[in-house]
Amino acid sequence: LGLPRHVDGGIRLDLPAGRGMTILQGNEGRSPLPRLFLNVGVLPGRRVSLRITPLEAAIPFPLPPDGKGGLPKCLGEIGDIVFFGHLKIARVRVNPFLPEGERLHFYRRLRLSLDFTDPVPTERRIPAQEAARPFAALYDAAVVNPSERWLGRVETQGVETSETEGETVLDIFVEETGFHELDLSAMEEAGFPITDPSHLQLFRGGEPVAIEETPSAIRFYGEAPQDPFLRFEVYRLVEGDAPGLRIGTVDGTPHDEPRLETFPDTLHFEENREAHFNVGLGEKDDNWFWSRIGGNESTFRLELPPFDEDAPARLRITARGETTDQNSMTEDHRIAGEIGGFSFTSFGFDGLTEATVEFPLDPGVLVEGENLLRIRAAGENEAVVDRFFLNHVEIDLSRRFVAEGDELRFVGEGGAHRIAISGFTGNELFLYDISDPDHPRRVEGSEITAQGGEKTLTFATSGEESRSYLALSRERMRRPPRLRLAIPSTLTLPSNQADYLIITPRDFRTGAERIALFHRERGLSVKVIDVEEIYDTFSFGRETPRAIAAFLRYAFEEWLTPVPSYVLLVGDGHFDFKNYQNTNVPNYIPPDLVPTQFLKTVSDNVLVAVSGVDLVPDMAIGRLPVNTAEELEAITDKIFLYELNGNLQPFVRRVILVSDNADAAGDFENESNALAQRVPPSHETEKIYLSQQGEGTHDEILSAWNGGGVFLNYLGHG
């Protein structure tokens with residue numbers, strides 16, 4: 001009892017077969033108290049309440065020395081209510097003890113009664129034949145009271161689709177923000193026929209986007225995606241029955257308006273070099289950082305365009321803490337540094353939070369061209385370790401109207417002003433009002449002058465409100481990096497039904513069809529689906545894992561019964577969705593990232609948590625993380641061998657247990673040995689422990705892995 005490290009005795013407890021019990025660790029000198037957790041099937045379409053009645057007199061015990069603190073106030077309660085496929089489950093916690101007066105009363109026998117009360121309009125019962133048929137045995141094993149009465153489904157508002165009826169759709173991929181030009185010939189080469197260019201219509205996320213039409217091309221303002229899962233935003237082009245939305249014009253002819261010399265601008269400096277998923281656990285938190293900063297100084301080069309050096313400026317630094325010290329009475333982090341002779345130290349911020357600190361800069365601190373920013377952890381606190389991640393740096397300044405790289409984005413003040421933009425070297429110059437990015441306007445009437453190989457564009461603003469503009473040369477028109485014909489959708493046909501779904505990129509279609517045939521021969525209805533068809537039908541062509549989740553929810557809710565039970569993803573994926581590391585590795589089936597207690601991690605499970613709002617899977621899902629057709633063929637051969645002759649293969653009786661050295665986080669060897677005790681006598685156990693194999697551990701693991709096993713487990717650190 002208590003918290004000994006050495007176990008010198010024990011007792012046996014009889015528990016109901018298949019039921020779980022949790023022993024809560026007590027404080028030293030106290031016995032842990034048992035709690036029982038039960039999964040109970042409950043009636044869909046009704047709320048549920050719990051009544052617990054003692055069937056025997058309580059057995060009294062003295063209260064713990066610290067009294068009633070932390071003890072339950074009732075004999076039990078209902079926790080989460082979830083759907084496991086079509087089975088509605090209530091998670092019931094039973095506390096067979098209650099404090100009464102100065103005694104703790106323990107109850108050996110309790111009766112649990114569930115009352116089904118008010119209706120739940122979003123749920124309804126279903127007959128057993130509508131439920132996923134392979135799950136029947138799982139449903140019976142999942143709850144203490146199996147019954148078909150607990151089968152039901154959640155009624156939702158439906159899943160939004162992005163399919164276009166009877167139209168040929170060209171998906172245009174955009175990676176950078178700016179004006180894009182797409183030749184009509186490139187569209188036709190991609191398989192997009194053009195009958196009447198005036199009827200071309202462009203959309204983003206289902207909303208119309210204005211285009212500019214030329215005899216040989218179209219132009220449009222495209223924006224890079226803000227979604228952390230997307231490398232490319234997708235604009236969709238169709239040829240409609242009527243003329244599409246076109247970019248309008250506005251007069252910008254200059255006269256004798258007062259001249260603007262500068263405009264307020266915020267320069268953003270960011271390099272996404274390192275990914276850290278143990279900080280920033282929110283869905284929208286940025287997990288890519290420029291650099292890890294500690295006590296040693298790090299230097300960053302900031303290149304500034306022409307600006308008014310006599311005007312004040314402002315420096316802004318955004319960082320996220322990496323370390324935390326629970327024992328420190330002060331904040332864990334302070335950012336210190338220097339730029340242009342100006343030294344600074346920020347206010348404190350704590351733990352793993354994100355903080356933005358800013359400092360006013362006097363005239364003369366910053367210069368045009370290279371500026372060196374030095375940053376370090378100040379260390380002016382009680383934290384044992386102070387480290388943080390630099391995310392990005394911003395500088396507010398008064399910028400001059402000088403093009404950088406033949407392009408300038410700027411804001412024109414409200415009112416009538418004359419603006420002259422110098423520094424262009426391209427042959428043809430364009431100016432657009434991009435205040436409404438999906439509906440820009442071409443500014444006409446501007447004057448272009450040339451001197452010494454450079455051109456200056458002069459125009460006049462008007463109106464009371466400030467406007468955003470983009471000036472650029474023809475050479476700065478972007479070219480879309482990818483074009484793809486959208487796949488006409490079959491996924492919303494009312495006749496669809498399947499037991500087994502295989503989602504694959506077209507590169508692996510042949511291998512996926514081989515797997516499908518194998519399962520069809522064993523009585524399952526199988527549908528092989530091109531992942532691009534899912535993108536086109538459920539996310540307007542955007543290559544996001546959320547489209548896969550939306551499709552699976554749609555199939556679960558809308559397809560004919562019995563609904564799909566199995567999902568196989570064919571293709572590898574990775575977390576560098578935006579190609580920050582410039583590897584250009586294909587993301588065949590992009591994974592979803594979910595926050596856990598310790599970090600964000602990859603989870604395919606969330607794709608099949610489609611019934612209700614819980615994270616309990618409603619279909620079985622797996623992934624073959626292959627990168628080539630040859631890898632897919634090899635792993636498929638192994639799967640077929642296991643399925644057809646598994647019991648005859650020696651590897652199916654081999655269990656491989658790998659363990660790290662013991663440390664403060666746990667005695668991994670002892671835990672692995674405890675697991676070995678649970679291996680059936682019919683199986684052999686191979687132990688590979690770092691403490692025993694030493695430097696040869698790596699080779700031993702590979703050898704055992706390649707030798708085959710039915711189960712491989714690792715305990716320890718990465």
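No lab work stands behind these numbers, since they all come straight from the coordinates. Note that the structure is a prediction, hence the values are computed from the model and not measured. Note: ideal-geometry Cβ built from the backbone for every residue, glycine included; neighbour counts use all protein chains shown.
The table that follows gives values for the structure above.
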| item | result |
| --- | --- |
| Directionally averaged shadow of the range 440-488, computed from the convex hull of its alpha-carbon atoms, nm² | 6.6 |
| Extended-chain gain in nm, criterion 0.36 nm per residue less alpha-carbon gap, Val411 and Ser298 | 37.3 nm |
| Length gained when the stretch His717-Thr324 is fully extended (0.36 nm per residue, less Cα-Cα span) | 139.5 nm |
| In the range 422-478, GluC sites (Glu not before Pro) in a DSSP loop with at most 16 other beta-carbon atoms within 10 Å | Glu428, Glu464, Glu465 |
| Cα gyration tensor, the range 495-536 - rounded (a/c under 1.5), prolate or oblate | oblate |
| Qualifying trypsin sites (Lys or Arg not before Pro) for the range 628-695 [loop in DSSP, other Cβ within 10 Å: at most 16] | Arg678 |
| Ellipsoid semi-axes in whole angstrom, largest first, where each is sqrt(5λ) of the Cα gyration tensor of the range 635-718 | 26, 15, 10 |
| Degrees separating the helix 697-707 axis from the principal Cα axis of the chain, which is the longest one | 80 |
| Relative contact order %, the chain, counting alpha carbon pairs below 8 Å whose residues are six or more apart | 12 |
| Mean Cβ count within 10 Å, highest first, over the residues of peptides 618-630, 255-267 | 618-630, 255-267 |
| Convex hull (Cα only) mean projected area of the range 502-630, reported in nm² to one decimal | 9.0 |
| Check: the range 278-409 dipole with +1 on Lys, Arg Cβ and -1 on Asp, Glu Cβ, in debye | 140 |
| Translational diffusion coefficient (Stokes-Einstein; Kirkwood radius from C-alpha pairs) of the range 549-593 at 10 °C, 1.306 mPa s, in µm²/s | 125 |
| Dipole of the chain, positive end: most advanced residue of Pro258, Leu397, Pro99 [Cβ charges, Cα centre] | Pro99 |
| Value of relative contact order over the range 262-400, rounded to a whole percent, pairs C-alpha under 8 Å and six or more apart | 42 |
| Quarter of the Cα convex hull surface for the range 262-400, i.e. its orientation-mean projected area (nm²) | 8.3 |
| DSSP beta bridges in the range 649-715 [antiparallel fraction, %, rounded to 5] | 10 |
| Kirkwood Rh in Å, taken over the range 187-269 so that all alpha-carbon pairs contribute | 16.2 |
| Two-decimal Rg/Rh across the chain, once Rg and the Kirkwood Rh are taken from alpha-carbon atoms | 1.03 |
| Computed over the range 541-694, Cα set: Rg, Dmax in Å | 19.9, 56 |
| Convex hull volume per residue in cubic angstrom - Cα atoms of the range 416-459 | 87 |
| Calculated [θ] (222 nm, deg cm²/dmol) that DSSP helices of n ≥ 4 give over the chain, each run adding -39,500 (n - 2.57) | -3500 deg cm²/dmol |
| Linear extension gain, Glu557 paired with Glu274, 0.36 nm per residue minus alpha-carbon span | 97.9 nm |
| Sorted peptide list for 340-353, 116-129, criterion being average Cβ within 10 angstrom, highest first | 340-353, 116-129 |
| Positive minus negative residues near Phe359 (Lys, Arg vs Asp, Glu; Cβ under 10 Å) | +1 |
| Order of His698, His86 - criterion: other Cβ atoms within 10 Å of each residue's Cβ, fewest first | His698, His86 |
| Contact order relative to length of the range 413-525, as percent, for alpha carbon pairs under 8 angstrom and 6 or more apart | 28 |
| Helix 545-558 axis, angle to the chain major axis (alpha carbon atoms, nearest 10°) | 60 |
| Lys/Arg +1, Asp/Glu -1 at C-beta; the chain dipole; positive extreme among Pro197, His574, Gly718 | Gly718 |
| Cα gyration tensor category, rounded, prolate or oblate, for the range 150-303 with a/c compared to 1.5 | oblate |
| By average C-beta atoms within 10 angstrom, highest first, the peptides 34-44, 205-215 | 34-44, 205-215 |
| Gap separating the Cα centres of the range 275-344 and the range 432-483, nearest whole Å | 34 |
| Distance histogram in 10 Å bins (all Cα pairs of the range 410-508, percent per bin) | 11, 31, 18, 10, 13, 12, 4, 0 |
| Nearest-ten-degree value, helix 509-520 long axis tilted from longest Cα axis of the chain | 30 |
